[in-house]
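Engineer: Questions regarding the structure given below will be posed in turn.
Read-outs: derived from the displayed coordinates by stated rules, not from any lab. What you are looking at is a predicted structure, and each value in this text was computed from that prediction instead of being measured. With ideal geometry, Cβ positions are generated from the backbone for all residues, glycine too; neighbour counts draw on all protein chains shown.
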Amino acid sequence: MPPESSVPASTTPVQDYLDRPARGATEDHLVVPRSLAQSMPLRWQQVFIGLLADLHDAYGHLAWADYRVVPSRWERLVDLDEEQLAAAGYVADLGQDGQLEYRDSGDNVVADPENHRVLAPVADPLPPASAGRVEPRPAAPL
């Protein structure tokens, strides 16, 4: 019989895991890239699908929204192109003094655009699901 732990197991393991920095996790959502999920070993996929089915069964009565996932990265405002600026809710234009200034969606001038970081859309670094299997990194040597 294994010794009992003096530390009780967490009653919120998903929250505990996702509250620390985790790829694909935000404060309110978890995004799992389909190409990676479909590339998991068969047994993992079977377990994953079982968990998803349980989740959808338990919460299928709620009014789920449709979600649009946009690959994004935190970037300096001054490094964005016009399209990225617009998607992030900013514009760049010449101010009254002839200098480039950045404005937010409320038409407020951004005081320090060199150090102002925003979540901006970027090209997805992961392959789409249609690209087929994504090989995982090699296992560490024993």
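Engineer: What's the magnitude of the charge dipole for the chain around its Cα centre, counting Lys and Arg as +1 and Asp and Glu as -1 at the beta-carbon? Answer in Debye, nearest 20. Could the numbers behind the result be given before it?
Structural biologist: Values: 11 positive and 22 negative charges, 198 e Å.
Dipole size: approximately 940 debye.
Engineer: Then there is this: Of V78, P33, G106, whose Cα points farthest to the positive end of the dipole of the range 24-135 (charges on the beta-carbon: +1 Lys, Arg; -1 Asp, Glu; origin at the Cα centre)?
Structural biologist: P33
Engineer: Shifting gears a bit: What does the charge dipole of the range 72-121 about its Cα centre add up to, to the nearest 20 debye, if the Cβ of each Lys and Arg holds +1 and the Cβ of each Asp and Glu holds -1?
Structural biologist: Details: 4 positive and 12 negative charges, 47 e Å.
Here the size comes out at about 220 debye.
Engineer: Quick check: the angle from helix 42-59's long axis to the longest principal axis of the chain, C-alpha only, nearest 10 degrees?
Structural biologist: The angle comes out at about 70 degrees.
Engineer: Scan (1) 1.02; (2) 1.33; (3) 1.50 for the value of Cα Rg over 2.2 N^0.38 Å calculated from this model and give just the label.
Structural biologist: (3)
Engineer: Which of L42, L94, L119 moves the most in a Gaussian network model of the chain with Cα springs under 10 Å?
Structural biologist: L94
Engineer: Can you pull out the chymotrypsin sites (Phe, Trp or Tyr not before Pro) in the range 30-121 that DSSP calls coil and that have at most 13 other Cβ atoms within 10 Å? Provide the component values of the computation, followed by the final result.
Structural biologist: Details: sites: W44, F48, Y59, W64, Y67, W74, Y90, Y102; in loops: W64, Y67, Y90.
Filter output for the range 30-121: W64, Y67.
Engineer: First check a/c for the range 13-67, with a ≥ b ≥ c the square roots of the eigenvalues of its C-alpha gyration tensor; if it is under 1.5, answer rounded, and if not, answer prolate when a/b is larger than b/c or oblate otherwise.
Structural biologist: oblate
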